[in-house]
Amino acid sequence: GRLDGPTLETLIQFGWFTVIAKPLFLALRYLHEHGIGNWGWAIIIVTVIFNLLMLPTRFMMMRSSLKMMRIQPKVEALKKRYAHLKMNDPKRAEMNTEMMALYKTEGINMYGCCLPMLIQMPLFFAYFRVLQNTVELRQAHWFWLADLAAPDPLHILPIIIIVSMFLTQFITPSPGMDPNQRRMMAIMMPVIFGYSMWYFASGLALYWGTGNLINLAIQIGINQSHIGKEMHEIAAKRAAKKPGAGQKTIQGRR
């Protein structure tokens, strides 16, 4: 049945994230009360809608990444010119100025590559607050999950998060990144997030896992587009030029 009224509303405290968490809770409750009837499916539907709305920023990120890849030789040449300077040398400011001018000339937004993540993180914490503070989500079930406010008892969702994050990192080309950094990002980040979700509310893991699977599907689609193909070509050329290219490293694949 519907649980609302002034007494329930006063129990819901979302803190600093109220501006995001309250509309999120209202959207989940609306879906739950209008045909869905299950909080788990409501979380999945809201996550799918959010990711569809985020598609333009995802494409913006990929275009920014491609532009960054195209000018990478210019960036490296610029860094090489100033490589002899110490880190605290005032002349290094000139390098930064030239770098900014290069980005501006090429029409590159420095923050375009990380915009989707910057937008997703507040929603992540908003979900956390909703699941932590909403009475209606306690004891709410979804398939093997008996309580969306409690951790996944079978750890299925954390494993899905680890695998999907790793696959997305693995098939995303990043030729400008050092191979060791790339290996660390492809392995450590999924493990850290997955391990965190081992103990967080399963509803939060359901949101993050759903988003990861959508991101993986989008990346597979991007890899088949002309943008994705050009990025992989650049990545392959740069990998072939690097010393020790014959050694096994994690590279983006189609």
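The values are calculated or read from the model by the stated rules, or taken from the named source; none is laboratory data. Here the structure is a predicted model, which means the values were calculated and not measured. Cβ coordinates were reconstructed from backbone atoms using ideal geometry, including for glycine residues, and neighbour counts include every protein chain displayed. The area values use the complete protein model at the heavy-atom level, side chains included, leaving out ligands, DNA and RNA. Shrake-Rupley method; radii C 1.70, N 1.55, O 1.52, S 1.80 Å.
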Point to revise | Label-point gap, in nm, between Thr18 and Val48 - each point 7 angstrom along Cα→Cβ | key: 3.3
Point to revise | Potential extension, Ala146-Arg70 segment - 0.36 nm per residue separation minus Cα distance | key: 22.4 nm
Study note, to complete from the structure: Taking R0 as 22 Å and r as the Cβ-Cβ distance between Ile227 and Ile119, the FRET efficiency 1/(1 + (r/R0)^6), rounded to the nearest 0.05, comes to 0.60
Check your understanding: How far, in nm, would the chain grow between Val191 and Met60 when pulled straight, counting 0.36 nm per residue and subtracting the alpha carbon separation?
Key -> 44.4 nm
**Study point:** Contour excess over end-to-end distance, with Cα ends at Glu98 and Trp41 and 0.36 nm allotted per residue
**Key:** 15.5 nm
Review point. So, with a 1.4 angstrom probe, what is the percent of accessible area on the range 19-150 that is carbon and sulfur?
Key: 66
Study note, to complete from the structure: Of Met60, Met165, ordered by accessible area with the largest first and a 1.4 Å probe, the sequence is Met60, Met165
